[in-house]
Each structure stands twice: as C-alpha cells, then as structure tokens.
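The values are calculated or read from the model by the stated rules, or taken from the named source; none is laboratory data. Keep in mind that what you see is a predicted model, and the values were worked out from it rather than measured. Every residue, glycine among them, receives a Cβ derived from its backbone with ideal geometry; neighbour counts consider all protein chains shown. SASA here: full protein model, heavy atoms, side chains in, ligands and nucleic acids out. Shrake-Rupley method; radii C 1.70, N 1.55, O 1.52, S 1.80 Å.
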Amino acid sequence: MRATRSEQTLRRLFAWLRWSGQELTPELEQAILQTLVEAVEAGAQDLFGVCLCTLQERGLVTRPGPVRVPMISPPLHRSSIGYGSY
C-alpha cells in the first residue's frame with residue numbers, strides 16, 4: 001500500500017531534522033504534527049515546504065549552516081601528450 005502525502009511529508013520532516021542535527025523531543029514532534037495538520041487543512045500543495053517554513057517561523061527549528069564538502073580530487077591541469085600543437 002502506498003503512503004499518503006501526509007505520511008511521506010512526516011517521514012521527510014523527521015529525516016530532515018535528523019540530518020540537520022536537531023534533537024527530536026516530544027514537544028518538537030507534537031509541533032511537527034500540529035503544523036502538518038494545519039498545512040493539510042489549508043490545502044497546501046507543498047506540505048513539506050509549508051511545514052518547514054512554519055516551524056522555522058515559530059523558532060522551533062533552526063536552519064542548518066553551510067556544509068563544507070572536501071574536494072574529491074586534486075584540481076585538473078591541462079597538458080599535452082605530444083600528438084600535436086596545443
């Protein structure tokens with residue numbers, strides 16, 4: 001059986017909070033459920049976006065800072081292997 005939009009949104013919200021390093025407290029879980037109810041009642045198309053913005057406006061969720069990703073490889077340098085003029 002396929003999950004409903006609200007179930008998918010709830011999973012995405014919990015995953016986003018875990019990945020951003022937020023602690024899931026019972027109060028935060030209750031606030032998430034309440035914002036989800038409000039978004040569904042309002043007929044929002046983007047449930048995840050509306051819920052996340054509402055939680056941030058209420059100060060319950062902070063936006064994570066920028067993530068610094070290390071370079072995967074050294075920078076590329078162009079060179080010639082002698083097949084002709086470059």
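Side notes on the structure shown:
- Å² per residue, accessible surface of the chain at 1.4 Å: 84
- Length released on extending from Leu24 to Glu41, taking residue separation times 0.36 nm less the Cα-Cα span: 3.7 nm
- Each label was represented as a point 7 Å from its Cα along the Cα-to-Cβ direction; for Gln34 and Met71 these points are 4.9 nm apart.
- Positive end of the dipole of the chain (Cβ unit charges, origin at the Cα centre): among Gln34, Gly21, Ser6, the Cα lying farthest that way belongs to Gly21.
- Residue-wise HN-Hα coupling along the range 5-12, computed from phi with Karplus coefficients 6.51, -1.76, 1.60 (Hz; x: Gly, Pro): 4, 5, 5, 5, 5, 4, 4, 5
- Solvent-accessible area, 1.4 Å probe, carbon plus sulfur percent, for the chain: 56
- Counting only Cβ charges, +1 for Lys and Arg and -1 for Asp and Glu, the dipole size of the chain around its Cα centre is about 540 debye.
- Enclosing the Cα atoms of the chain in their convex hull gives a volume equal to 214 cubic angstrom per residue.
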